[in-house]
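Taking it in order: structure first as structure tokens, then the write-up.
The values are calculated or read from the model by the stated rules, or taken from the named source; none is laboratory data. The structure displayed is predicted, hence computed values, not measured ones. Neighbour counts are summed over all protein chains in view; Cβ atoms, including those assigned to glycine, are modelled from backbone coordinates with ideal geometry. Note: accessible area is taken over every heavy atom of the protein model, side chains too, but ligands, DNA and RNA are not part of it. Shrake-Rupley method; radii C 1.70, N 1.55, O 1.52, S 1.80 Å.
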Amino acid sequence: MNSELEPYLAHIFINFSKRSVKLMDDEGYEQTVEFKFDEEGSEGFAETINRISNDPFIDSDMVTYCFATA
């Protein structure tokens, strides 16, 4: 497969208030993952944030942290 035609991750938006992670590729397409407001959702959200933060291939400039509910 030609890697020039494959989209790649361009930015990640982490919203703590909504407990969601939005992934955006270089073509502007986005996928949002929302976690439930229960113990299982809390654990999944924390694990996801930890993996994103510790991934050596994700530049910190690619991540935006949001704290507002709007």
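What figure in square angstrom, to the nearest 10, would you give for the accessible area of S42 with a 1.4 Å probe?
S42 has an accessible surface of roughly 50 Å² with all protein chains in place.
Can you pull out the trypsin sites (Lys or Arg not before Pro) in the range 7-70 whose DSSP state is coil and whose Cβ has at most 13 other Cβ atoms within 10 Å? Each step should come with its number before you reach the end.
On the way: sites: K18, R19, K22, K36, R51; in loops: K18, R19, K36.
Passing both the DSSP loop test and the Cβ count: K36.
At most 12 other Cβ atoms within 10 Å and a DSSP loop assignment: could you name the GluC sites (Glu not before Pro) in the range 13-64 that fit? Working shown, then result.
Working: sites: E27, E30, E34, E39, E40, E43, E47; in loops: E27.
Within the range 13-64, the qualifying GluC sites (Glu not before Pro) (loop, at most 12 other Cβ atoms within 10 Å) are E27.
Please provide three numbers in whole Å: the alpha-carbon extents of the chain along the principal axes, with the largest listed first.
That works out to 42, 26, 22 Å along the principal axes.
If amide hydrogens are placed 1.01 Å from N in the peptide plane, which non-local residues have theirs closer than 5 Å to the one on A10?
Result for A10 returns M24, D25, D26.
Considering Cα pairs under 8 angstrom that are at least six residues apart, work out the relative contact order of the chain and quote it in whole percent. If you can, show how the numbers build up before the last one.
Working: 86 pairs, mean separation 25.1, N = 70.
With pairs under 8 Å counted, the relative contact order is 36 percent.
Put +1 on the Cβ of every Lys and Arg and -1 on every Asp and Glu Cβ in the chain; which of F45, F57, L9 then has its Cα farthest towards the positive end of the dipole?
It is F45.
Helix 39-54: angle to the longest alpha-carbon principal axis of the chain, degrees 0 to 90, nearest 10?
The helix 39-54 is inclined about 40 degrees to the chain.
May I ask you to give the solvent-accessible area per residue for the chain, in square angstrom, as obtained with a 1.4 angstrom probe?
78
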